[in-house]
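In what follows, a structure is listed as structure tokens, so that the remarks can point back to it.
The values are calculated or read from the model by the stated rules, or taken from the named source; none is laboratory data. Only a predicted model underlies this, so the values are computations on that prediction, with no experimental measurement involved. Backbone-built Cβ (ideal geometry, glycine too); neighbour counts: all protein chains shown. Only protein heavy atoms, including side chains, enter the accessible area calculation; ligands, DNA and RNA are left aside. Shrake-Rupley method; radii C 1.70, N 1.55, O 1.52, S 1.80 Å.
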Amino acid sequence: MKVLVIGSGGREHALVWKLRQSSRVDKVFCAPGNTGIVELAECLDIKADDIDALLNFAKYEGIDLTVVGPEAPLTAGIVDSFLKAERRIFGPDKSGARLEGSKVFAKNFMRKYGLPTAEYKTFTSCLHAEEYIRLKGVPVVIKADGLAAGKGVFVCETADEAIDALRLIMKEKAFGDAGSKVVVEQCLKGEEASFMILTDGKTVVPLATSQDHKKIFDGDKGPNTGGMGAYSPAPVIDKNLYSKIMKTVIDPMMKGLKRERMNYRGVIYAGLMIVDGKPYVLEFNCRFGDPETQPILMRLDSDLFDMLKATAEGRLSEVQVIWKEDTAVCVVVSSKGYPGTYEKGKIIEGLDELKGKRNIMVFHAGTSLNKGKIVTSGGRVLGVTALGKDIQTAKGNAYKALEKIHFDGMHYRTDIADKAIKRQ
Ligand code: AMP
Ligand code: GLY
């Protein structure tokens, strides 16, 4: 079978790596891929959002399954185009992808189907939003409605911050049309966790639990990023909380998908805030999390190709998923300055030493090749991911591996997984 993976981050490197392990997969292509993916798949010079070119390639090459990594092609309707051309694809169609593509839609969906979420109001007028904030007080969270590359959410402690955020989104149009509407919501305090499921619209298969680290610096300080590290499983989700999540979040969400007649054959990522032992949904993503996917797939024993193909074909009820007992920890290495501006082109050393180790995978994100050397080309550069028999061992293995890697201005958090360790 031939598989096409769309995207170029650490998540896509992990997907390609795992798909290649399937005995049913003969060849993997990746559009556009990255320097790490090149070793496992044929990378194509096609952008992740060039839907026509991707479809043409899938037809020409006779691709059996296309797996979409990032949200942009999903919200732009790649699945609709592929299905119309009768090509098998893993991911929600445009209507399903609205769960991530519009925060207003997602919040209204949660309210309609009774999912626990922060109290909120939506606005199309900056003035009305400002009045509401002055009335409600702070802290408050402001969210641009549409996709904003993870930069459209502002957790504001003061009224001035909130007003600045509103103006940036609605007046200065920092995120273009994504900022024509905003959600203003109650600020929740608790611990975050990531809960992903596969669904074909009928059956739900939960993936292993995980926890991301959004802030750039140790101790959850500094600005939000795409994610600086993750581990799986997340001990904050104990048995009791797990069943609460299934009952209060996943069951009503599935009911909503059916009622709204969404054609959803993909992954749903619920970003949760756990407050006093209760899960609240902060956001939905219509794709695999990044970096959560890296540690989760390290722990997967089952055949990922079978799982994704069955999802795309509406046969998810036939799938059994087996996880390793081991824990996995992924530490993201970023360029100095990220999530702000950063320099590119720094030579990365030490990667060869980490190749071929059973317990370690270095997933590439922002890397490229320059005169035969691997250099940095993005904010998040690598995801050093390790398995261990428990969380301490996995953390130790990841950080030991990291010591081998060097590039000018490399940055990483030193406290990934400490929350889980403290919990023991
Ligand atoms: P989102 O993209 O909606 O998940 O928001 C990005 C990040 O903003 C989350 O991971 C949280 O850290 C934070 N956040 C979002 N909504 C809230 C909220 N209602 N209360 C507190 N923090 C939030
Ligand atoms: N790690 C957060 C995300 O994938 O959105």
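Which residue out of Glu71, Glu61 is touching a residue at least 40 places away in the same chain (Cβ under 8 Å), among the acidic types (Asp, Glu) and closer than 21 Å to Gly96 by Cβ?
None of the other options fit; the residue is Glu71.
Which helices (runs of 4 or more DSSP H) does segment 215-324 wholly contain that include 1 or more residues that are within 20 Å of the chain's Cα centre (by Cα) and within 16 Å of ligand 2 (Cβ to nearest atom)?
293-298
For Gln392, only one of the following conditions fails: (1) closer than 28 Å to Val67 by Cβ; (2) touching a helix residue (DSSP H, G or I) at 6+ places or on another chain (Cβ under 8 Å). What is its number?
Tallying (1) closer than 28 Å to Val67 by Cβ; (2) touching a helix residue (DSSP H, G or I) at 6+ places or on another chain (Cβ under 8 Å), Gln392 fails exactly one: (1).
Tell me whether segment 59-69 contains one or more residues that are closer than 30 Å to Ala270 by Cβ and of a type in the set (Lys, Arg).
No: segment 59-69 contains no residue that is closer than 30 Å to Ala270 by Cβ and of a type in the set (Lys, Arg).
Please list, ordered by residue number, the helices (runs of 4 or more DSSP H) wholly in segment 48-121 having 1 or more residues that are within 16 Å of ligand 2 (Cβ to nearest atom) and open to solvent by less than 30 Å² (accessible area, probe 1.4 Å).
Passing ranges, in order: 71-75, 94-101, 103-112.
Of all residues in segment 199-214, count the ones that are crowded, with 22+ Cβ neighbours inside 10 Å and either away from ligand 2 (no atom under 16 Å from the Cβ) or polar (S, T, N, Q) (or both).
Final tally of qualifying residues: 4.
Which ones in segment 140-166 are modelled with pLDDT of 95 or more and of a type in the set (Lys, Arg)?
The one that is modelled with pLDDT of 95 or more and of a type in the set (Lys, Arg): Lys143.
Identify the residue in segment 151-168 that is open to solvent by less than 60 Å² (accessible area, probe 1.4 Å) and among the aliphatic types (A, V, I, L, M) and, among all such residues, is nearest to ligand 1 (Cβ to nearest atom).
Top of the filtered list is Val153.
Rundown of residues vs (1) under 16 Å from Thr293 (Cα atoms); (2) within 14 Å of ligand 1 (Cβ to nearest atom), yes/no style:
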{"residue": "Ile197", "(1), (2)": "yes, no"}
{"residue": "Val204", "(1), (2)": "no, no"}
{"residue": "Ser210", "(1), (2)": "yes, yes"}
{"residue": "Pro223", "(1), (2)": "no, yes"}
{"residue": "Ser232", "(1), (2)": "yes, no"}
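For segment 122-147, give me each residue that is part of a helix (DSSP H, G or I) and basic (Lys, Arg).
Arg134, Lys136
Give just the number: which of (1) open to solvent by 20 Å² or more (accessible area, probe 1.4 Å); (2) free of Cβ contacts under 8 Å to residues at least 40 places away in the same chain does Glu260 not satisfy?
Of the numbered conditions (1) open to solvent by 20 Å² or more (accessible area, probe 1.4 Å); (2) free of Cβ contacts under 8 Å to residues at least 40 places away in the same chain, the odd one out for Glu260 is (2).
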